[in-house]
Amino acid sequence: MSALTRRGFLEKLGAGSVAASLPLLLPSVHAATAPYNGPKLNVALCGLGNYARMLAEGLQASQYCRLAGVVTGHADKAAAWQQQYQLPPQNIYNYNNFDGIAHNPNIDVVYIVLPNFLHKPFTIRAAQAGKHVITEKPMATTAADCEAMIAACNKAGVQLAVGYRMHFEPTQQEIMRLGQQKAFGPVRYLEAGLGYKTYNLADANDMVDINDDTQWRLHKTKAGGGPLMDLGVYCVQAARYVLGEEPVAVTAQFGPVHHAQRFTQVEESITWQMQFPGGAAANCTSSYGFNIDKLYASADDGYFELSPALSHGPFTGKTSAGILNIPPINQQASQLDAMAQYIINKQPMPAHINGSEGLRDIRIIEAIYKAAQTGGVVKLV
Ligand code: NDP
């Protein structure tokens with residue numbers, strides 16, 4: 001990942017701070033630009049669950065794309081979305097007739113918001129239909145699936161992006177800058193954690209029905225793993241984008257376990273460590289058993305931290321020089337607009353948000369699982 005030049009605010013606290021000598025008091029990242037009046041990309045959301053609703057709001061706020069269609073397994077949802085967003089009936093698909101989208105010139109992009117195991121087949125089907133693809137994180141449940149998705153999109157000549165909204169969020173952009181540009185010197189140690197006690201698991205009750213289709217996150221075959229796949233991917237991303245380096249080795253431990261009867265297929269919690277080539281170490285955790293949402297980076301001449309750090313925000317934090325106070329934005333609109341511009345301008349999706357980035361994360365996640373299972377050090381080439 002390359003060093004970022006995008007800049008954010010830093011509200012200094014106290015005189016004589018490290019920030020006084022650093023170029024951190026900067027103009028807003030949201031300097032007004034002329035409104036875009038060109039053609040918009042037509043996006044079809046595939047899978048109308050919880051996150052699709054947030055993306056629909058993002059599409060409403062977007063300048064460069066619009067919600068043009070949906071793909072859903074439920075006729076009642078199709079009718080409700082069609083009415084709410086005034087969608088033409090010919091832009092409504094189900095999972096069986098989806099391939100007919102190939103003949104629909106009024107859909108440019110399929111945005112896949114399905115359970116993780118369906119990212120691969122629907123990416124491939126969308127690519128074969130000649131549509132650009134944005135797929136949600138984690139990109140797929142295995143690295144081999146990521147490779148197949150990249151190959152299918154390359155073969156079809158369509159763009160493939162992963163829904164890495166953090167890359168378009170100004171607080172995250174600021175911590176990328178602080179880390180990669182060594183604003184407080186080189187980062188030596190980093191902690192990142194994201195966990196939700198009852199995240200999308202119906203309730204805090206231990207008797208969650210694993211046969212309930214809405215509980216796909218508890219199924220190894222559907223989710224690919226537990227909180228590491230779902231939430232830990234944000235910690236892996238954060239360590240990588242703060243340091244601007246790729247980990248070379250990982251160790252990991254499962255646990256703690258408080259709800260063994262619920263987590264029969266995927267881990268309830270996992271903690272892992274990543275070693276980076278510049279000498280930095282990262283200690284990370286993700287969980288469905290406890291709440292955590294933080295990031296801390298210790299550098300030679302100071303520190304920076306966020307909490308909330310890796311969820312949906314608003315993100316708040318501080319550095320050894322003062323409070324980090326950057327106004328929140330609509331992250332989905334920001335991500336969609338940035339990705340749409342690459343497609344509209346026929347520029348390749350950059351490496352930090354395309355399929356190769358999703359693949360890198362899944363390779364690291366596979367190494368973390370292997371390390372937790374074996375108890376050893378797993379090296380990444
Ligand atoms: P939900 O369970 O809320 O929604 C998934 C939808 O997929 C369902 O509503 C259903 O839509 C469709 N679906 C099709 N087949 C199945 C199946 N076999 N089992 C269950 N659902 C099925 O999940 P989320 O919206 O929370 O997550 C979807 C994806 O988005 C995941 O990959 C997740 O990691 C990612 N995500 C990303 C976030 C981000 O911030 N970037 C935040 C949250 C999730 P329908 O009824 O229309 O067929």
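The values are calculated or read from the model by the stated rules, or taken from the named source; none is laboratory data. These figures come from a predicted structure and were not determined experimentally. Neighbour counts run over all protein chains shown; Cβ positions are idealised from the backbone, glycine included. Calculation scope for accessible area: heavy atoms of the full protein, side chains included, ligands and nucleic acids excluded. Shrake-Rupley method; radii C 1.70, N 1.55, O 1.52, S 1.80 Å.
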Just name the residue that is farthest from the ligand (Cβ to nearest atom) out of those in segment 120-174 that are of a type in the set (S, T, N, Q) and more than 21 Å from TYR93 (Cα to Cα). ASN154
Give the residue that is surrounded by the most Cβ atoms within 10 Å (Cβ to Cβ), with candidates limited to residues of segment 106-143 that are under 18 Å from the mean Cα position of the chain (by Cα) and small (Gly, Ala, Ser). ALA140
From the residues in segment 45-70 that are over 19 Å from the mean Cα position of the chain (by Cα) and of a type in the set (A, V, I, L, M, F, W, C), which one is most open to solvent (accessible area, probe 1.4 Å)? ALA61
Check segment 98-108 and report whether any residue there is touching a residue at least 24 places away in the same chain (Cβ under 8 Å) and within 13 Å of the ligand (Cβ to nearest atom). yes
Top-ranked residue of segment 241-287 - restricted to ones that are aromatic (Phe, Trp, Tyr) and open to solvent by less than 40 Å² (accessible area, probe 1.4 Å), ranked as modelled with the lowest pLDDT: PHE263
Can you name every residue in segment 46-84 that is more than 26 Å from GLU169 (Cα to Cα) and assigned to a helix (DSSP H, G or I)? ALA75, ASP76, LYS77, ALA78, ALA79, ALA80, TRP81, GLN82, GLN83, GLN84
